[in-house]
Every structure is written in C-alpha cells, then in structure tokens.
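Okay, structure first, notes after.
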Amino acid sequence: MPHDACCGHDHGRTFDGDDPGFRRALILVIALNAVMFLVEFLGGAIAGSLALQADSLDFAMDAATYGLSLAVIGMAPVVRARAALLKAATLGAIAAWVLAAAVWRVFVAGVPEPITMGAIAIAAFAANLASVLLLWRWREGDANVRSVWLCSRNDAWGNLLVVAAAAGVFGTRWPDLIVAAGMAGLFLNTSLGTARRALRELRAPQPGAISPRSIT
C-alpha cells in the first residue's frame with residue numbers, strides 16, 4: 001500500500017488498517033499493553049495506589065480491544081465501525097469503574113506508597129510512549145484505526161498524571177484520587193469521540209449499496 005494510504009489519503013479512501021506495517025506495529029503494542037497490565041496491577045496493589053490499578057485495567061482493556069482492531073482489519077466497513085463502537089463502550093465502562101472506585105477510596109484510610117507508585121508510573125509512561133511512536137504513521141484512519149492511536153496517546157498523558165500524583169501523595173491520598181478521576185474523564189472523552197466517529201461511519205453509504213433514488 002502506498003505511503004499516502006497509511007496516512008488516510010489513498011485517493012480519498014480512509015485508511016482501514018490493511019497494511020503489513022500497521023499490523024506489525026499493532027502486535028507490538030498489544031504485547032506491550034499485556035506486559036504492563038501485569039506489572040502495573042501488581043505494583044498498584046503493593047503501593048496501594050488506585051491510580052495505578054485503574055491504569056493497569058486500561059492496559060488490559062487496550063490489549064483486548066487492540067486485538068479486536070487487529071482481527072477486523074480487512075473486514076467490511078460496517079464490521080470495523082461496530083468494533084469501534086464496542087471499544088467505545090469498554091472505555092466508558094472503565095471510566096465508570098474508575099469514578100466509582102475513586103468515590104469508594106475517599107471513605108477508606110490509607111495513603112499510596114509513592115516510590116513504588118512513581119517508578120511503575122514511569123515504566124508505564126515509557127511503554128505508552130513507545131506505543132505512540134510505533135503508531136504515529138497511522139494516527140489517521142477510520143474509527144477502528146484512529147481509536148488505537150487515541151487510546152495510546154491518552155494513556156501516555158494519563159501516565160504523566162500518575163507520575164505527578166506519585167510526587168504529591170506524601171502524607172495525603174487526594175492527588176491519587178484527583179488523578180484517578182481525571183483519567184476517568186479522559187477515558188470517557190475518548191469513548192464519546194470514538195462512538196461518534198463510528199456512528200458516522202455506520203450511517204455512511206456502504207460500498208456496493210443501492211441508493212434509494214436509483215430504485216424507481
């Protein structure tokens with residue numbers, strides 16, 4: 001596929017992910033997310049950090065939804081759009097869980113351990129930054145492709161917020177809670193944006209479809 005197709009400009013056709021380079025990059029990103037889910041979840045449990053545990057669930061969900069993105073590459077546009085809608089729904093579910101957990105944490109004593117929290121957050125940021133760089137060439141495309149890029153970009157920003165929270169949790173849990181709530185908002189924003197784009201693609205005329213005006 002020509003290079004301009006990778007950027008979503010193949011004579012007006014939106015890039016759908018059907019490119020060997022994109023597939024390889026996506027497989028690497030899936031592996032990175034799976035590894036970081038295990039690292040960050042265990043680290044969050046040890047450090048007592050809600051922000052790390054919330055971010056670890058995002059890694060797990062990303063690995064699963066990126067796998068879905070990989071599976072539907074080359075399928076009909078309506079299938080890819082529906083896959084993007086499913087990813088939007090999972091992001092919304094993560095946002096709801098993080099917000100609920102943040103409210104619950106307010107009534108539970110305990111302050112996250114900042115050293116472990118900070119070290120793991122930095123490792124998570126490095127993993128997400130690597131994902132962003134791997135996917136940079138393919139940051140534009142249909143809802144299925146673009147949702148992968150947006151999730152990786154947002155995750156990198158979220159990890160920077162967790163690092164900031166780690167620096168502020170000495171003696172107080174509020175920075176951890178504020179960051180967890182901020183991450184929930186970030187997930188929800190991406191969820192809504194992905195859903196809107198997917199719905200537009202579902203409403204668009206499908207290749208080979210017969211226009212109602214042609215039936216007379």
Practice item. With the checklist (1) at pLDDT 70 or above; (2) of a type in the set (Asp, Glu); (3) surrounded by fewer than 17 Cβ atoms within 10 Å (Cβ to Cβ) in hand, flag the one item ASP10 doesn't pass. Key: (1)
Exercise for review: Could you list, in sequence order, all residues of the range 32-50 that are without any contact (Cβ under 8 Å) to a residue 40 or more places away in the chain and surrounded by 14 or more Cβ atoms within 10 Å (Cβ to Cβ)?
Suggested key: ALA34, PHE37, PHE41, LEU42
**Study point:** Candidates LEU199, LEU133 - the one that is surrounded by fewer than 16 Cβ atoms within 10 Å (Cβ to Cβ), farther than 17 Å from ILE30 by Cβ and at pLDDT 75 or above
**Key:** LEU199
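This table checks each residue for (1) farther than 19 Å from ALA127 by Cα; (2) among the hydroxyl-bearing types (Ser, Thr, Tyr); (3) at pLDDT 85 or above.
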residue	(1), (2), (3)
THR14	yes, yes, no
ILE46	yes, no, no
ARG82	yes, no, yes
ALA96	yes, no, no
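Quick one: which of THR90, THR65 is among the polar types (S, T, N, Q), under 24 Å from ARG196 (Cα atoms), surrounded by fewer than 23 Cβ atoms within 10 Å (Cβ to Cβ) and at pLDDT below 85? Let's see the steps before the verdict.
On the way: THR65 fails: surrounded by fewer than 23 Cβ atoms within 10 Å (Cβ to Cβ).
Sole residue among the options that is among the polar types (S, T, N, Q), under 24 Å from ARG196 (Cα atoms), surrounded by fewer than 23 Cβ atoms within 10 Å (Cβ to Cβ) and at pLDDT below 85: THR90.
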Practice item. Return yes when VAL163 is at pLDDT 80 or above and assigned to a helix (DSSP H, G or I) and no when it is not. Key: no
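The values are calculated or read from the model by the stated rules, or taken from the named source; none is laboratory data. Being a predicted model, the structure only gives us computed values, none of them experimental. So basically every Cβ, Gly included, is an ideal-geometry build from the backbone, and we count neighbours across all protein chains shown.
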